[in-house]
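> Let me begin by handing over the structure; questions about it come next.
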Amino acid sequence: MKTKQIAYILVAVVLLTLNVSCEKWLDVQPNSQVKSSELLSTEQGYKEALAGIYTLLTDNSLYGKELTYGMHGVLSHEWKNYPLAYADDAQYDYETTLSQGRIEGIWSKMYNAISNTNYLLQNIDNSQVFSGKNYEIIKGEALALRGFIHFDLLRNFGVSYVLNPNQQAIPYVTQYSAKQTAQSTVQVVIEKIIEDLKAAKELLKYDPIYTGEVINEFNDNGYLLNRQLHLNYYAVEALLARIYLYIGKYDLAEIAANNVIQANKFAFVSQASFASGVDPSGASEQIFGLQLNTLSLNNTNFLSDEGTTTFSLDQASKSLYISSTDDYRSYLFINGTTTNTLNNIYTLKYAKTTDDSYYINKIPIIKLSEMYLILAESLWSQDKDPLLVLNRQRNARGLSSLTVLPTDVRTLFTNEYRIEFLAEGQLFYYYKRINQEIIHGSTTNLVNSKGYTFPIPPNETTSADRQPNR
């Protein structure tokens, strides 16, 4: 679907909530919206419903802010400076009003998106409205979305897999129903995610990014263009690589990551593009990203010296991210210019540095660079040599090849995750995956303090009789 259409898609899709019964929701017809029965009575309605789910994920409570550079950036101590409202998050105190509000927002909006997804899936098999392979592709994306959202819920509200895979975690919701879904353990949630993703991958073998079919504006009004803004076939494969690494199945992570890399469908950003600011968020290497048309405005408000509640580094901490001027990513940093911000360093990752719509307003969710890092770590964890893969990643960022592995390979990976995924939310998950007790910038033992696991919101615990998830 064209980028310019995204702005109105959320108006077309009816938003579901877990606290509203099916009967009540089906009676709702807000202004400028169509009833649910009408929405999913046409192929176009299914397209709009699916696009609406992607749009839900760009909310500031989710990937539009908190799960990227906001709360997650603070939790991983990426920023030296951050708004006072996040002070409790920096101490992993999740019992305060502001922290609880952010956690509640993540929980409720993620499950809201899952409800939308389940309603689509509940209806799609009985619909005879699809042309071409749109049934397979739309259903495949919906299954992938359900798995993707549940995995990030698990990474926030479930304990680390290496800590205790048998700990009660989150509900894995597969039905659109007012009935509460029981919690599952970390292990069971992972199994259900993989089941959904494998089913999605099979359906998405009809995805043009996989088949090589050339799509233009004349094919179904260009619906299958811009596959990087959808959970396409390779995004599902990449997500499987991420999950297999998370649970320590290094052989499977190696295969999945290699499959994405060997497909040659995605390209690293060039030095020229970094230097000119053409592609600051790495649109060309995003296997899956989300379109947020206000992202560059958010950058101005929260990630530049023009904002009043901003996130930034300082001169001393910049060396943690850029150790060499040869690193192309050094172009993504800019010094503050005002009297109060001269010592601050800001990221340009989400800034509007070009008018080309392909390169701006895209939130990176899964990137090519992560596949190289997953592949390298999987090889290393199997006592195989990761040097060639690591050097490909380094060379793509302007750094020279290593001749031998350093003694401390884990620190090498940590440093690369810190710079590569700044403001993308992945560093917190990385620390959690390896169960690191003390992270840079904090003296809190995150394992002992349970700082890696958000408490299930109190209202959910009370209404659904949830078991402790921490």
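> Taking 0.36 nm per residue of separation and subtracting the Cα-Cα distance, what length does fully extending ASP314 through LEU342 add?
Details: separation 28, 0.36 × 28 = 10.08 nm, distance 0.90 nm.
Full extension of this stretch gives 9.2 nm more.
> Order the following by accessible area, largest value first: GLU377, GLU202, GLU416. Probe radius 1.4 Å; ligands, DNA and RNA are ignored.
Details: GLU377 5, GLU202 105, GLU416 25 Å².
The ordering from most to least exposed comes out as GLU202, GLU416, GLU377.
> Can you give me the Cα centroid spacing of region 291-320 and region 73-108 in angstrom?
17
> Report which label in (1) 0.97; (2) 0.94; (3) 1.01 holds the value of Rg/Rh (Cα atoms, Kirkwood Rh) derived from the coordinates of this structure.
Only one listed value fits the structure, namely (2).
> Suppose only helical runs count, i.e. DSSP H with n ≥ 4. What mean residue ellipticity at 222 nm does that imply for the chain under -39500 (n - 2.57) per run, divided by all residues and rounded to the nearest 500 deg cm²/dmol? Intermediate values should be presented prior to the final figure.
On the way: 19 runs with 206 residues, N = 470.
Result for the chain: -13000 deg cm²/dmol, rounded to the nearest 500.
> Using a 1.4 Å probe, what is the accessible area per residue for region 145-265, in Å²? Could you put the intermediate results ahead of the total?
Details: 4730 Å² over 121 residues.
Roughly 39 Å² per residue, with all protein chains present.
> About the Cα centre, and with charges only on the beta carbon of Lys, Arg (+1) and Asp, Glu (-1), how big is the dipole of the chain? Nearest 20 debye, please.
Numbers: 39 positive and 48 negative charges, 35 e Å.
It comes to approximately 160 debye.
> Another one. Take the cross-link list LYS179/LYS205; LYS133/LYS367; LYS192/LYS432; LYS249/LYS362 and give me the ones stretching past 28 Å between alpha-carbons. Mind dumping the intermediate values first?
On the way: LYS179/LYS205 34 Å; LYS133/LYS367 26 Å; LYS192/LYS432 21 Å; LYS249/LYS362 31 Å.
Check vs 28 Å cut-off fails for LYS179/LYS205; LYS249/LYS362.
> A further question on this structure: Could you state the angle between the C-alpha long axis of helix 97-124 and the longest principal axis of the C-alpha atoms of the chain, as a value from 0 to 90 degrees rounded to the nearest 10?
The helix 97-124 is inclined about 50 degrees to the chain.
> Averaged per residue, what accessible area in Å² does region 354-450 show with a 1.4 Å probe, protein chains only?
Numbers: 3750 Å² over 97 residues.
For region 354-450, the per-residue accessible area is 39 Å².
> While we're on this one: Considering only protein heavy atoms and a 1.4 Å probe, what is the carbon-and-sulfur percentage of the accessible area of region 314-470? Before the final figure, lay out each step's value.
Working: 3320 of 6820 Å².
Here carbon and sulfur together make up 49 percent of the probe-accessible area.
The values are calculated or read from the model by the stated rules, or taken from the named source; none is laboratory data. Since we're looking at a predicted model, the values are computed, not measured. Heads up, the Cβs are rebuilt from the backbone with ideal geometry, glycines too, and the neighbour counts pull from every protein chain shown. All accessible areas refer to the heavy atoms of the entire protein, side chains included, with ligands and DNA or RNA removed. Shrake-Rupley method; radii C 1.70, N 1.55, O 1.52, S 1.80 Å.
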